[in-house]
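All remarks here apply to the structure that follows.
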Amino acid sequence: MRNPAPKDRCARPVRQRISSGPPSAGPRRRRQDKEEVIPMQSWRFHGTHKPLTLEEVEAPHAGPGEVVVDVKAAGLCHSDVGALTDPKWMVSFPRLPMTLGHENAGVISEVGSGMDHWKVGDRVGLAPAMSDGDAIGYGAWDGGYGPKVRATEVNLVRLPEAISFEMGAMATDAGLTSYHAMITRGGAKPGMRVGVLGLGGLGYIGARIAVLKGAEVYAAELNPATRDLAAEIGLADVAESITEFADKDLELIVDYAGFGATSAQAVETLRSSGTLVQVGLGRLETTLNTQAIVFKQLQILGSLSGTQHDLTELYELMRGGELTPPINRITPDRIPEGLERLRKGGVVGRIIAVYED
């Protein structure tokens, strides 16, 4: 994610209240100056190695060029696990505390001036990082580990009625990132032989997208339960290591895992003039065989999030019902527990917190 410029229109702490119930908007209150204040409960991030805490904050209001979205579904992401466990992620969080959650879908509940083409009740997906100043769940813009978020034009994509809020939320980050890496950066196309590293939340989607686009896809995955999804995804084959497909003449490998060894194995496996797209950040550093890179004239590309156009195309792809990655539904009060599950590994598909009406 890009590092958003600070904007001081975020939710502000009213008072802390730890609760065992799910985050929800509370009763209306008024300040002494009669300005309306509506508190809500959100999971707040205070820094690496500190637990999320459920706190009462002021609900957001839509300023000029903004809308407020009632969150219906919020996806849990490994990058939030990284923020909680690795200090190197703190560059993305210049303001603390803040509300995490950058994978959201919901319904517009308030429309600010200059946003007349949107209306209350519109279903939307929220692209998390479309510009440096509007990255929801990072920097100055609070995310969906609370019941309401602010958004601007650069975040909003219409969510078709045929797509559930859970799928719509999954698509805004896991889906968007997967699509951008595989199609926009990697250029996967019919007949291309493609390798996929990791079949977790991102890799499952990326592999399935490549299959739907007509590519011949080979994948590497350590989790036996996830390897069992090979037929469901439409893979040509799956193994524990991508090096087992060195004889398949792979011209593109997308590393959705990024655990160091995976990137190194991709360099060893790619054919001459092949391309590695690096998107996974399971480890923030790795060592690569530079002789293989030079002698095989390989291309290595980074990929981060995606564009509104990518998300619109992804929603169209999802409308047909052929892209349905596994979803693990939880209630918002279990968000810290869900992030711990991600940290331990072994989750098949995506964990989504679902807000009840």
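The values are calculated or read from the model by the stated rules, or taken from the named source; none is laboratory data. Keep in mind the model is a prediction, meaning the values are calculated, not measured. No Cβ is skipped: glycine too gets one built from the backbone with ideal geometry, and neighbour counts run over all protein chains shown. The area values use the complete protein model at the heavy-atom level, side chains included, leaving out ligands, DNA and RNA. Shrake-Rupley method; radii C 1.70, N 1.55, O 1.52, S 1.80 Å.
Considered as a group, the residues in the stretch 222-248 that are among the β-branched types (Val, Ile, Thr) and open to solvent by less than 40 Å² (accessible area, probe 1.4 Å) include one that is farthest from residue 324 (Cα to Cα), and that residue is 242.
Identify, please: which residue in the stretch 119-141 is at pLDDT 95 or above and more than 15 Å from the chain's Cα centre (by Cα) and is, among those, surrounded by the most Cβ atoms within 10 Å (Cβ to Cβ)?
Going residue by residue through the stretch 119-141, those that are at pLDDT 95 or above are 119-125.
After this cut, where a residue has to be more than 15 Å from the chain's Cα centre (by Cα) as well, the list is 119-124.
Values: 119: 10, 120: 12, 121: 8, 122: 17, 123: 17, 124: 23.
Among them, the one singled out is 124.
Here are some residues: 109, 92, 113, 79. Which one is at negative phi, in contact with a Leu (Cβ under 9 Å, 6 or more places away or on another chain) and touching a residue at least 24 places away in the same chain (Cβ under 8 Å)?
On the way: 109 fails: in contact with a Leu (Cβ under 9 Å, 6 or more places away or on another chain); 92 fails: in contact with a Leu (Cβ under 9 Å, 6 or more places away or on another chain); 113 fails: in contact with a Leu (Cβ under 9 Å, 6 or more places away or on another chain).
79 is the lone residue from the list that is at negative phi, in contact with a Leu (Cβ under 9 Å, 6 or more places away or on another chain) and touching a residue at least 24 places away in the same chain (Cβ under 8 Å).
Within the stretch 255-281, the residues that satisfy the criterion of being part of a helix (DSSP H, G or I) and over 21 Å from the mean Cα position of the chain (by Cα) are 261, 264, 265, 266, 267, 268, 269.
Within the stretch 312-341, residues that are closer than 19 Å to residue 177 by Cα reach partners that are open to solvent by 70 Å² or more (accessible area, probe 1.4 Å) and part of a loop (DSSP other than H, G, I, E, B) with beta carbons closer than 9 Å, at six or more positions or on different chains, in the pairs 317/213; 318/162; 318/324; 319/162.
Return yes when residue 101 is part of a loop (DSSP other than H, G, I, E, B), small (Gly, Ala, Ser) and touching a Phe, Trp or Tyr at 6+ places or on another chain (Cβ under 7 Å) and no when it is not. Considered against the rule, which asks whether it is part of a loop (DSSP other than H, G, I, E, B), small (Gly, Ala, Ser) and touching a Phe, Trp or Tyr at 6+ places or on another chain (Cβ under 7 Å), residue 101 comes out as yes. I'm checking my understanding of the structure. Among residues of the stretch 16-66 that are open to solvent by 20 Å² or more (accessible area, probe 1.4 Å), more than 21 Å from residue 139 (Cα to Cα) and outside any loop (DSSP other than H, G, I, E, B), which one is modelled with the highest pLDDT? In this case the residue turns out to be 36. Hey, could you check the stretch 69-118 for residues that are among the basic types (Lys, Arg) and farther than 23 Å from residue 310 by Cα and say which is most open to solvent (accessible area, probe 1.4 Å)? Top of the filtered list is 88.
Scanning the stretch 211-237 for residues that are of a type in the set (A, V, I, L, M), over 10 Å from residue 195 (Cβ atoms) and outside any loop (DSSP other than H, G, I, E, B) returns 211, 212, 225, 230, 231, 233.
Anything in the stretch 249-265 that is among the aliphatic types (A, V, I, L, M) and surrounded by fewer than 20 Cβ atoms within 10 Å (Cβ to Cβ)? List them, or say none.
Kept after step one, since they are among the aliphatic types (A, V, I, L, M), are these residues of the stretch 249-265: 250, 252-254, 257, 261, 264.
Hits for the stretch 249-265 are 261, 264.
For the condition outside any strand (DSSP E or B), surrounded by 14 or more Cβ atoms within 10 Å (Cβ to Cβ) and touching a residue at least 12 places away in the same chain (Cβ under 8 Å), residue 284 does not qualify. Return the residue satisfying two criteria in turn: it lies in the stretch 159-195 and is within 12 Å of residue 313 (Cα to Cα) and either without any contact (Cβ under 8 Å) to a residue 40 or more places away in the chain or in contact with a His (Cβ under 9 Å, 6 or more places away or on another chain) (or both), and of such residues it is most open to solvent (accessible area, probe 1.4 Å). Going through the qualifying residues, I end up with 184.
You will find that of 316, 322, 337, the residue that is open to solvent by 70 Å² or more (accessible area, probe 1.4 Å), modelled with pLDDT of 95 or more and more than 13 Å from residue 73 (Cα to Cα) is 337 and no other.
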